[in-house]
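Taking it in order: structure first as structure tokens, then the write-up.
Just so it is clear, none of the values below were taken in a lab; they were calculated from the coordinates. Keep in mind it's a predicted model, so treat the numbers as computed, not measured. Ideal geometry is used to build each Cβ from the backbone, glycine not excepted, and the neighbour counts take in all protein chains shown.
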Amino acid sequence: MFYEIEIKDYVRVDPSFFKLDVKEAIKKELEKTYANHISPELGFVISIHKILEIGEGIIIPGDGAAYYDTSFSLLAFKPDLQELFFGRISEITSFGAFMNLGPIDGMIHISQTMDDFVSFSKGNVLTGRNSKRSLRKGDLCLARIIAVSYKDPLDPKIGITMRQPGLGKLEWLEQEKKKVKLPATEKKEKSTEAKVKEKKK
């Protein structure tokens, strides 16, 4: 999910930015600090959204920079467990598929692509043995996040599944809708209603 996160911190403004307006200088320093920032607390930082408040600057002896007590907000993507996502398949591999979630791709292990035995073909297609369903690059899908790991901050991992009911390639979900039939009791009620209407005529 995408969040706006408010943070309060002392921002160090390098002397090279002193010629700029204070707000602009602080924003540039924050952009440098949070560029490509990834952490369990903030998720994936996308941009500095707003500078909310700037206190008076202070100078620390031995450091030519100025420090400002600053409140600001970030736009960040923080994936939550069990969250549902629409996304396009960005890559097919022999061990599964990758789906684009925005700032990062989530991985769908081959066993989680569909409720079937799945095989990989040289044409970069995953195919179900019994269902004959196929998954290709560019397919639009609905998936659920089942694992998030920040163990390596430079290479975070998001695991997703499409094996649960109501998930998968949108084309498959449309096919499932068409297969849904009325329960026998509902059918009987509807046929009785139709006969009553005929008698009234």
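When 41, 53 are arranged by Cβ crowding within 10 Å, least crowded first, meaning fewest neighbours, the order is 41, 53. Using every pair of distinct Cα positions in the stretch 2-77, the Kirkwood expression returns a hydrodynamic radius of 12.8 angstrom. Within the chain, the proportion of C-alpha pairs whose separation exceeds 32 Å stands at 45%. Computed over the stretch 84-178, the P(r) curve from all C-alpha pair distances, binned at 10 Å from the origin, holds 17, 53, 25, 4, 0 percent per bin. Can you tell me which of 142, 154, 126 moves the most in a GNM of the chain? Springs connect C-alpha atoms under 10 Å apart. Highest fluctuation among the options: 154.
Remark: relative contact order (the chain) = 16 percent; criterion is Cα-Cα distance under 8 angstrom and separation of 6 or more residues.
If each residue's Cβ is checked for other Cβ atoms within 10 Å, how do 29, 171 rank with the fewest at the top?
171, 29
Sorted ascending by nearby beta carbons within 10 Å, beginning with the fewest, 51, 92, 160, 60 become 60, 51, 92, 160.
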